[in-house]
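Below is one structure, written out as structure tokens; comments come after it.
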Amino acid sequence: MSRVYKRCLIGEESLLAQSEWAFDASELDLGIDVPWSVEKWTLRGGRQEGVELVEIDNGRMSIVVCPTRGMGVIEAWCDDVMLGWQSPVREIVHPAFLNLPERGGLGWLGGFNEWICRCGLESHGAPVEDVVLDNQGTEMRTFLPLHGRIANLPASSVWLSVDLDPPHRLRLIGEVEEAMMFGPALRLTSMLETELGAASFRIVDTVENLRSVPQEMQLLYHANFGAPLLEEGAELLIPFHRMAARDQRALEGLEMWNRFGAAEAGFREQCYFFQPAANRRHQSTAALVHPGGETAASVTFDTRTLPWFTLWKCTGDPRDGYVTGLEPGTSLPNGRRFEREKRRVRTLDPGESVRTDLTFSVHTSRAEVGRLRKRIERIQKSADGRVESALDAELSP
Amino acid sequence: MSRVYKRCLIGEESLLAQSEWAFDASELDLGIDVPWSVEKWTLRGGRQEGVELVEIDNGRMSIVVCPTRGMGVIEAWCDDVMLGWQSPVREIVHPAFLNLPERGGLGWLGGFNEWICRCGLESHGAPVEDVVLDNQGTEMRTFLPLHGRIANLPASSVWLSVDLDPPHRLRLIGEVEEAMMFGPALRLTSMLETELGAASFRIVDTVENLRSVPQEMQLLYHANFGAPLLEEGAELLIPFHRMAARDQRALEGLEMWNRFGAAEAGFREQCYFFQPAANRRHQSTAALVHPGGETAASVTFDTRTLPWFTLWKCTGDPRDGYVTGLEPGTSLPNGRRFEREKRRVRTLDPGESVRTDLTFSVHTSRAEVGRLRKRIERIQKSADGRVESALDAELSP
Amino acid sequence: MSRVYKRCLIGEESLLAQSEWAFDASELDLGIDVPWSVEKWTLRGGRQEGVELVEIDNGRMSIVVCPTRGMGVIEAWCDDVMLGWQSPVREIVHPAFLNLPERGGLGWLGGFNEWICRCGLESHGAPVEDVVLDNQGTEMRTFLPLHGRIANLPASSVWLSVDLDPPHRLRLIGEVEEAMMFGPALRLTSMLETELGAASFRIVDTVENLRSVPQEMQLLYHANFGAPLLEEGAELLIPFHRMAARDQRALEGLEMWNRFGAAEAGFREQCYFFQPAANRRHQSTAALVHPGGETAASVTFDTRTLPWFTLWKCTGDPRDGYVTGLEPGTSLPNGRRFEREKRRVRTLDPGESVRTDLTFSVHTSRAEVGRLRKRIERIQKSADGRVESALDAELSP
């Protein structure tokens, strides 16, 4: 059994004040010459007031997690590569300043600037009217806001754990509760794990239904890449069974679906929906390759719990967000009502939990990018790769 | 005149920082050998961040009040008896994280887990469309959210007072303002008072209309009991003139109205409405008796200002909330529009205030519970005790 | 070039904690015998919790600015004259406690009590349904809440600057961002400037469109005066080309438009709309003159960017707000849809900014008030001063 150092960073068992805290080899000697560190600090001013951040640096890759925003990953750095994007929302916004239902359910867009942002848990996707039960157990029509609540719920507890034995994994574990009386009670337990010196990290999330009755659940990882990785000529790699454009607008760009254009003021977003293909261990990998072919970022995910994938192309002017989203999900982001009709909404029994598993990696040489490409091509060989030339009524409304 | 020690705990005159503060006989010698104490602390992490709590311990009973949530009482302990319940909402939620109008006006349910939670002051009860005046003095239809705002408004000032002379009362006084321009301006002054060594405490609330024009006001005390006091076979005692089921669902359980069943997954709530009977001093008492008959909790209230009583039976699975509410109110919780039609909404003249008075007690022996039962039966003798076998259009819509 | 002392009070570059900070001649000797000072402190308790205030005292006039509420000016004192008013909202409300869309879009009224409150930036004025673009660039009907967001957005950075050379100006510069993805991204840079010993200060605001596409923008300065400056018999001075009552209710008081009545319980507000006249340097001045004629307050503004003016008369009972608003704006506060139809909504090109310039002054002797009156009369001589006897369909819907 591995010996482990553990410390509560946020929550009832935490002894840390809200201010700055830094932790590294000078406090915990792992007997290895890697400049790892963990820091926690609190933002001040504007809509950032009180937002807490935790940065995990494994010596090569540093990852900034925001417990205040549902354990989302704000950005990361690996060698010289920044992972993330520039949103017109420049502040890391405290949820108290947001109003999700406002503006036709688009309030979420007032805080959207993470690299990796979870959407869910009761629902995700486009704002839509759907049916829920009220306090009397009666069906009631209500409006589900864009992408749900989880990105705007603060973690009730956050723990750091450090393996004292090789390969010396650093882990950040956070619990976020999305619970109300007479409604969903779902608990996300998020584990972000990285090894010293690695150019990757893994996210293992567990979502548990705390109720005594079955509960629908949706979860999507909105992983967003902007410059410098995203540039004109960048390429998307993903192995798939079939894919289709979401709407007429996306159909316009179908031929170019796996290539990215230059920034274009007023660009209207295009979404493509995929049924991703996986290897025998149910692993699929999507990647964004920089035009030069010497750098790429990838996300590998388990298709047993994340069987759908959305590509979001939003290559507008940098001032408005020049960005693409690689989005593994339990379903597509069409709004829960449509997804339920298409049997893509998962229902958790009482006490049941679902476990997602994703690895985000950076590839920093032509050779590494080549191996990545081969891995994805190998998976593609076992699957159709059908690109539908028209809209697919099964995949979008 | 009683000599009094006073201290501002929250507000402009407070010298206390937000962090922990404890106060007891070692700081203020009352010359009596009772281990009383008062503590204040602030919660950290999740939706609890920044929530302040004050615990008053009279040496026998300890009462946890939440100034951040409108001076609600989170829970209390008397000897070994816990008063309160387990809500699926496990955090004590800061109001900044709630959105009352969302989900058809049910946003309040995202923070509901108090033992004693005030509902009001502009309105309480079911979400309902009603008419208010806008800034131009014109009638406007708007949606009043479930149970109003008061439970999610922080107290602007909180004072502790300790009587230096016997019987050494401890008092916690909080002011909460529910005010807007061109709308209601109501001030709640809440006083919670307990004597050293007592198994009870009293709440005296004053609600004042600060406007120059008449203002409607509603106030209901949502006192919620779960295990261990509530168990299969527990009994409700209340003297009444008449009572009726709220709806068809409640009618199903009419015969068993004063008995509680075991936890039942998917149980749909049942509400019963009472016109409580009182003694000559206008005091009525409702009680929840543990099946063994050796423990009970009761609330005694002045029916001149709290002339209505609601019993809320919600004996679902413990994970969803196994709970019953004993709810004295200025009206029934049907939504303000219906209550106004039935002339149960109180209107306060300019500068007028209404004063409610309630005593919560714990009874911890067969003898005490017997006396309690007798007291209630004696009141019942002077009143009809009519159980209506059908729905009553005067009491529910 | 003037030598300048600079200090970051709020934001990433600030080294100040949230608690109290005071700064004056004992820390920065300007070599002049004026008791100037700058203080920053944080409010505690109730809906004020965490609200930061900065008071600039130039030795004669002290001005309290609230960075947490969009750099609004809470109140000011000049000699013995208080500038501001008593709202039924007595707390300086933290935006986290407000819900702008609630109550038919009137949520803003729950925090309204500033002396000078900015309305805007995406829109201001009456709540109204209007069209915006959603994330897919599709037109969507949405509800714009009363007076927009800017008064409830905290400043992300605040700087103090002090001129080391005469005339020793004190400046407070704040940046507030009103930004979302797929929506408006407007930055307000607010500069409040006052000279040592002056009975006036200047506000120079810049609003920049950060997007790559044109963006509509509205801005109005809601400057509100109550007692003691406002009393029965107080007089409004403003030079204008034309003016009209907003509605039937205002028409009732048309003859008395420039005089104020005594407090009247239940008084319904009256608004008058002006096209103000200006001198050759495009400066217009509106003033409120105390009945005695020995005290007045005025606002001088540049009509090139603030070409419209609203007079708000709201002389209700002091408990409900006895107040008048002098409101220079980029448009009238009718709701954006109507103002757009009438071509009064300004559109900013990508990167374009608009700069407003206002000076607030206090006049404290009969001679000074006389000069003020003459200045305004001189401007009026060059303009029509047409009072429309009926409603004007160009000015109000």
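The values are calculated or read from the model by the stated rules, or taken from the named source; none is laboratory data. No experiment lies behind these values; they were computed from the predicted model shown. Because the Cβ atoms are built from the backbone with ideal geometry, glycine has one as well, and the counts that use them run over all protein chains shown. What goes into the accessible areas is simple: the full protein's heavy atoms, side chains included, and nothing from ligands, DNA or RNA. Shrake-Rupley method; radii C 1.70, N 1.55, O 1.52, S 1.80 Å.
For this structure, a couple of remarks:
- Shown here is the pair-distance distribution of segment B:274-322: with all Cα-Cα distances grouped in 5 Å bins from zero up to the longest one, the shares run 5, 17, 20, 19, 18, 12, 6, 2, 0 percent.
- Label spacing, shortest first and in nm, from C:SER365 to its equivalents in the remaining copies (7 angstrom along Cα→Cβ): 8.4, 8.4
- Residues in segment C:185-215 that, when all protein chains are in place, have 50 Å² or more less accessible area than the chain alone would give (probe 1.4 Å): C:SER212
- Length, then width, then depth: along the principal axes, the Cα atoms of segment B:210-341 run 50, 33, 27 Å.
- For segment A:336-396, the list of trypsin sites (Lys or Arg not before Pro) that fall in a loop by DSSP and count at most 11 other C-beta atoms within 10 angstrom reads A:ARG343.
- Estimated FRET transfer efficiency when R0 is 60 angstrom, pair B:ALA383-C:ASP80 (beta carbons, to 0.05): 0.45
- Qualifying trypsin sites (Lys or Arg not before Pro) for segment B:226-319 [loop in DSSP, other Cβ within 10 Å: at most 11]: B:ARG280, B:ARG281
- Estimated distance in nm for a label pair at C:ILE32 and C:GLU129, the labels positioned 7 Å out from Cα along Cα-to-Cβ: 5.6 nm
- Pair A:ARG343, A:LEU164: separation of 7 Å Cα→Cβ label points (nm): 5.2 nm
- Net length gained if the chain between C:LEU15 and C:THR42 were fully extended (0.36 nm per residue, minus Cα distance): 8.2 nm
- Local charge for B:PRO291 was computed over the other residues whose Cβ lies under 9 Å away, with Lys and Arg +1 and Asp and Glu -1, and equals -3.
- Mean shadow area of segment C:303-397 over all directions, Cα convex hull, nm²: 9.6 nm²
- Directionally averaged projected area (convex hull, Cα atoms, the protein assembly as shown), nm²: 50.5 nm²
- Of all chain C residues, the closest to the C-onto-B rotation axis by Cβ, with that distance in whole Å, is C:ALA96, 2.
- Note that segment B:7-106, at 37 °C in a medium of 0.692 mPa s, gets a Stokes-Einstein diffusion coefficient of 214 µm²/s from its Kirkwood radius over C-alpha pairs.
- Residues of segment C:181-216 with amide N under 19 Å of a point placed 7 Å along Cα→Cβ from C:ARG281: C:192-196, C:198-205
- Peptide A:127-135 has a mean of 3 when you count, residue by residue, the C-beta atoms of other protein chains within 10 Å of its C-beta.
- Take each residue of peptide B:100-108, count the partner chain Cβ atoms within 10 Å of its Cβ, and average: the result is 6.
- Placing a label point 7 Å from the Cα of B:SER389 along the Cα-to-Cβ direction, the distances to the matching points in the other copies come to 7.4, 7.4 nm, shortest first.
- With all protein chains kept in place, the per residue accessible area of segment C:1-152 amounts to 37 square angstrom at a probe of 1.4 angstrom.
- log₁₀ of I(q)/I(0) at q = 0.06 Å⁻¹ - chain B, Debye sum with one point per alpha carbon: -0.22
- Note on C:231-243: average number of Cβ atoms from other chains within 10 Å of each residue's Cβ is 0.
- Positive dipole terminus of chain B, leading residue within B:ILE74, B:LEU395, B:TRP21 (C-beta point charges): B:LEU395
- All Cα pairs of segment C:85-191, percent lying beyond 20 Å: 51 percent
- Counted charge near A:GLU91, where neighbours are those whose Cβ lies closer than 10 Å (Asp, Glu -1; Lys, Arg +1): 0
- Here is how far apart the C:GLU235 label points are across copies: 8.1, 8.1 nm, shortest first, using a point 7 Å from Cα toward Cβ.
- Fraction of C-alpha pairs exceeding 16 angstrom in segment A:40-81: 38 percent, rounded to a whole number.
- The residues of segment A:163-254 expose on average 26 square angstrom of accessible surface per residue, using a 1.4 Å probe on protein heavy atoms.
- Here is the interface size for A with C: some 2800 Å² of accessible area buried, both sides summed, with a 1.4 Å probe.
- Taking the 1.4 Å solvent-accessible surface of the protein assembly as shown as the whole, the part contributed by carbon and sulfur is 47%.
- Computed [θ] at 222 nm, deg cm²/dmol, the protein assembly as shown (DSSP H ≥ 4; -39,500 (n - 2.57); rounded to nearest 500): -2000 deg cm²/dmol
- The residues packed around C:ALA234, meaning those with a beta-carbon under 13 Å from its beta-carbon, carry a net charge of -2 if Lys and Arg are +1 and Asp and Glu are -1.
- Restraint check, C:LYS313/C:LYS374; B:LYS313/B:LYS342; A:LYS40/A:LYS313, Cα-Cα greater than 26 Å: A:LYS40/A:LYS313
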